[in-house]
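Data block below; observations after.
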Amino acid sequence: MTRPPIVSEQEWRSARDALLVKEKQLTRAQDALAAERRRLPMVRVDRSYRFDGPDGARSLPDLFDGRGQLIVYSFMWHGARDFCPGCSMFTDNIGHLAHLHARDVSMALVSTGPLAEIMPYRRRMGWTIPWYSAPDGDFSRDMGAGDGFALNVFLRDGEDVYRTYVTGGRGVERLGSSWTFLDLAPYGRQETWEDSPGGWPQSRPYRWWRLHDEYDS
């Protein structure tokens, strides 16, 4: 195995500083891309969908759980004996949802598998994220997942729901922290440094952060 060269502290620091310039360029480019994403047009979701959950049937507006924004990950389903390791790894990396909830964002998983098979696997993995069954497959097909996976973002205005963003493939690999999910949400992180359309909800950065069990207080 060929390893990088061993150099002095000064040489290492110089190489690290040169790379840091490129990393900051990438961060600024990602911020600009997120600003452009917040200005994407959106499309109204006119079709009604049924989702089965532990507490009964739910509609798409119900998945918002009273919040204004929603992220839905379509979890690939090939049967209870063939759990998708990629989708499972993605779900393992989802942080505590309280931080998303604090910014008016809900998140849920949806699969075409039956609830009777989904719930035991959810318990086995120790996940608490809401997970719903949509066995007819219409939602997955309409939202770009098909027989695979995709992540969709929605905005709600009363009972009207709008699709604002979708990504799949390697587009989901960088996701996992609350910040990366908020960067996909219609209103972003809602912090004053962000380049957002006029009238978007915003507050000073850091001030809204809490321990995940302190938001209600």
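Which one is surrounded by the fewest Cβ atoms within 10 Å (Cβ to Cβ), of the residues in the range 81-108 that are under 25 Å from G169 (Cβ atoms) and among the aliphatic types (A, V, I, L, M)? The residue in question is M89. Going by the structure shown, is R44 closer than 19 Å to R156 by Cβ and surrounded by 13 or more Cβ atoms within 10 Å (Cβ to Cβ)? Judged against the criteria, R44 is not a match.
Rundown of residues vs (1) out of contact with any helix residue (DSSP H, G or I) (no Cβ under 7 Å at 6 or more places or on another chain); (2) surrounded by fewer than 19 Cβ atoms within 10 Å (Cβ to Cβ); (3) more than 16 Å from D92 (Cα to Cα), yes/no style:
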{"site": "Y121", "(1), (2), (3)": "yes, yes, no"}
{"site": "W127", "(1), (2), (3)": "no, yes, no"}
{"site": "W131", "(1), (2), (3)": "no, no, no"}
{"site": "R141", "(1), (2), (3)": "yes, yes, yes"}
{"site": "D147", "(1), (2), (3)": "yes, yes, yes"}
{"site": "L151", "(1), (2), (3)": "no, no, no"}
{"site": "Y162", "(1), (2), (3)": "yes, yes, yes"}
{"site": "T167", "(1), (2), (3)": "yes, yes, yes"}
{"site": "S177", "(1), (2), (3)": "yes, yes, no"}
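Being within 14 Å of the chain's Cα centre (by Cα) and modelled with pLDDT of 95 or more is the requirement here; does Y49 meet it?
Working: within 14 Å of the chain's Cα centre (by Cα): no; modelled with pLDDT of 95 or more: yes.
In short, no.
Looking across the range 97-106, just one residue is part of a strand (DSSP E or B) and under 22 Å from Y206 (Cβ atoms), and that is V105.
Just one of the numbered conditions (1) farther than 30 Å from E191 by Cα; (2) part of a loop (DSSP other than H, G, I, E, B); (3) in contact with a strand residue (DSSP E or B) (Cβ under 7 Å, 6 or more places away or on another chain) is not true of D136: (3). Being of a type in the set (D, E, K, R), assigned by TED's automatic domain parsing to the domain that holds G144 and within 25 Å of M107 (Cα to Cα) holds for only one residue in D31, D46, and it is D46.
Can you pull out every residue in the range 63-77 that is in a loop (DSSP other than H, G, I, E, B) and either among the polar types (S, T, N, Q) or surrounded by fewer than 15 Cβ atoms within 10 Å (Cβ to Cβ) (or both)?
Within the range 63-77, the first condition is being in a loop (DSSP other than H, G, I, E, B), and the residues that meet it are 64-68, 75-76.
Once the filter is applied, which keeps residues that are in a loop (DSSP other than H, G, I, E, B) and either among the polar types (S, T, N, Q) or surrounded by fewer than 15 Cβ atoms within 10 Å (Cβ to Cβ) (or both), the range 63-77 yields D65, G66.
Within the range 78-96, identify whether any single residue is at positive phi and not in a strand (DSSP E or B), and answer yes or no. Yes - at least one qualifying residue is present in the range 78-96. For the range 165-197, the set of residues classified as more than 17 Å from A34 (Cβ to Cβ) and either assigned to a loop (DSSP other than H, G, I, E, B) or among the polar types (S, T, N, Q) (or both) consists of G168 only. Against the list (1) at pLDDT 95 or above; (2) surrounded by 10 or more Cβ atoms within 10 Å (Cβ to Cβ), the condition V7 fails is (1). Taken over the range 79-107, the residue count meeting the criterion of being of a type outside the set (S, T, Y) and free of Cβ contacts under 8 Å to residues at least 60 places away in the same chain is 9.
The values are calculated or read from the model by the stated rules, or taken from the named source; none is laboratory data. The model shown is predicted, which means the values in this text are computed figures rather than measured ones. All Cβ positions, even for glycine, are placed from backbone atoms using ideal geometry, and neighbour counts span all protein chains on display.
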